[in-house]
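Student: Once you've had a glance at the structure underneath, I'll fire off some questions.
The values are calculated or read from the model by the stated rules, or taken from the named source; none is laboratory data. Not measured: the values here are computed from a predicted model. Neighbour counts run over all protein chains shown; Cβ positions are idealised from the backbone, glycine included. Side chains are part of the model used for accessible areas, which takes the heavy atoms of the whole protein and leaves out ligands, DNA and RNA. Shrake-Rupley method; radii C 1.70, N 1.55, O 1.52, S 1.80 Å.
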Amino acid sequence: MPRKIPAGNWKMNGLQSTLSELKTLEDKHGDADIAILICPPFTLISACEDTPFDIGGQDCHTAESGAHTGDISAEMLADAGASYVLVGHSERRTDHGETDALIAAKAQAAYNAGLIAVICIGETLQEREAGKTLDVIDTQLAGSVPDKADAQNTVIAYEPVWAIGTGKVPTTAQIADVHAHIRRRLQDRFTDGAEFTLLYGGSVKGSNAADIFAVPNVDGALVGGASLTAADFSPIIVALESA
Ligand code: PGA
């Protein structure tokens, strides 16, 4: 069975003072049946080590170490206490021109360091309106997911670019179509394709989480804005626990 994962992506948000939100979250969900993943900025990873949550980085370099000023390696993330890393988030693809090949190399670097890679894919509004959503998904899956991926070392996050941070959410039928397609492609390519955890991401909130988690092949969510406070993230965790 795929694992259920509520994942928070804090992006470039979070100071030492923000850690009090994790304390509140721990008080409410410290003994949850499902593992909660928090991806804080790099600066807070070590400080999260004492929490009961799984911790992830938001990006990594393809190399283990070397002359790459300002970058961070998967090994360093693991050393700081992370067990996951996001790769290929659309903000990385857009802001830093990341290609599918680079993202696959980052995912491979994550495996080499013993991290689970959360590989993010998703279409732009223009691509959706042109009827190209599933073609884009196919290209990104083929190019960003390494051959060594399996259900233990990889999570796939479907995040339509137009739904990220916009308050716009696809219909549950649209999410169902894409997630079923991703599942089929994973099953075509990997013997354990049925076991991969598939997250939906893009404007997930407490008010829409239950509907999204009722969609077949949605095993959790990658949550940006609504993961920054315990008050907003908690109802999403509750919705997933009871899905
Ligand atoms: P959002 O971001 O929940 O703020 O839309 C999701 C993401 O980018 O992972």
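Student: Place a +1 charge on the Cβ of each Lys and Arg in region 45-192 and a -1 charge on the Cβ of each Asp and Glu, then give the dipole magnitude about the Cα centre in debye, rounded to the nearest 20.
Tutor: Rounded to the nearest 20 debye, it is 460 debye.
Student: Rolling a 1.4 Å sphere over the protein heavy atoms, what is the accessible area per residue of the chain, to the nearest Å²?
Tutor: 44 Å²
Student: Let me ask you something else. Using 32 Å as the Cα-Cα cut-off, could you pick out the over-long pairs in Lys4/Lys132; Lys28/Lys148; Lys23/Lys168?
Tutor: Lys28/Lys148
Student: Applying the Karplus parametrisation 6.51 cos²θ - 1.76 cosθ + 1.60 with θ = phi - 60° to the phi angles of region 130-144, what ³J(HN,Hα) value in whole Hz is obtained for each residue in order, glycine and proline being reported as x?
Tutor: Karplus values, whole Hz, x for Gly and Pro: 8, x, 9, 3, 6, 5, 4, 4, 4, 5, 5, 5, 5, x, 9.
Student: Tell me, how many Å apart are the Cα centres for region 1-41 and for region 193-243?
Tutor: Each part reduced to its Cα centre gives a spacing of 12 Å.
Student: Does region 203-243 come out rounded, prolate or oblate by the C-alpha gyration tensor, with a ≥ b ≥ c the root eigenvalues, rounded set by a/c under 1.5 and, if not, prolate when a/b is larger than b/c and oblate if not?
Tutor: Here region 203-243 falls in the prolate category.
Student: Here's something else I'd like to know. Rounded to whole Hz and in sequence order, give me ³J(HN,Hα) for region 181-198 from the Karplus expression 6.51 cos²θ - 1.76 cosθ + 1.60, θ = phi - 60°, writing x for Gly and Pro.
Tutor: These are the phi-based 3J(HN,Hα) values: 5, 4, 4, 4, 5, 5, 5, 5, 9, 10, 5, 9, x, 6, 9, 4, 7, 10 Hz.
Student: Before anything else, pin down the relative contact order of region 1-58: Cα pairs under 8 Å, at least 6 apart, normalised by residue count, whole percent.
Tutor: Working: 73 pairs, mean separation 24.2, N = 58.
Across region 1-58, relative contact order equals 42 percent.
Student: Something else: Karplus couplings for region 105-121 from phi (6.51 cos²θ - 1.76 cosθ + 1.60, θ = phi - 60°), rounded to Hz, Gly and Pro as x?
Tutor: Running phi through 6.51 cos²θ - 1.76 cosθ + 1.60 with θ = phi - 60° gives 5, 5, 4, 5, 4, 4, 4, 4, 8, x, 8, 8, 8, 9, 8, 9, 9 Hz.
Student: DSSP beta bridges in the chain, what fraction antiparallel, as a percent rounded to 5?
Tutor: Numbers: 0 of 28 bridges.
Beta bridges within the chain, antiparallel portion: roughly 0 percent.
Student: Follow-up question, since we're still on this one. Relative contact order (percent) for the chain, with alpha-carbon contacts under 8 angstrom and 6 or more residues of separation?
Tutor: The value is 22 percent.
Student: Here is a further query. At 222 nm, what helix-only mean residue ellipticity would the chain give, in deg cm²/dmol to the nearest 500, using -39500 (n - 2.57) for each DSSP H run of four or more?
Tutor: One gets -11000 deg cm²/dmol as the mean residue ellipticity at 222 nm.
Student: Starting from region 105-189, pick out the trypsin sites (Lys or Arg not before Pro) whose DSSP state is loop and whose Cβ has at most 15 other Cβ atoms within 10 Å.
Tutor: Answer by residue number: Lys132, Lys148, Lys168.
Student: Expressed as a fraction of 2.2 N^0.38 Å, the rule-of-thumb size for a compact globular protein of N residues, what is the C-alpha radius of gyration of the chain?
Tutor: 0.93
Student: What percentage of the solvent-accessible surface of region 5-242, computed with a 1.4 Å probe over protein heavy atoms, is contributed by carbon and sulfur atoms?
Tutor: 50 percent
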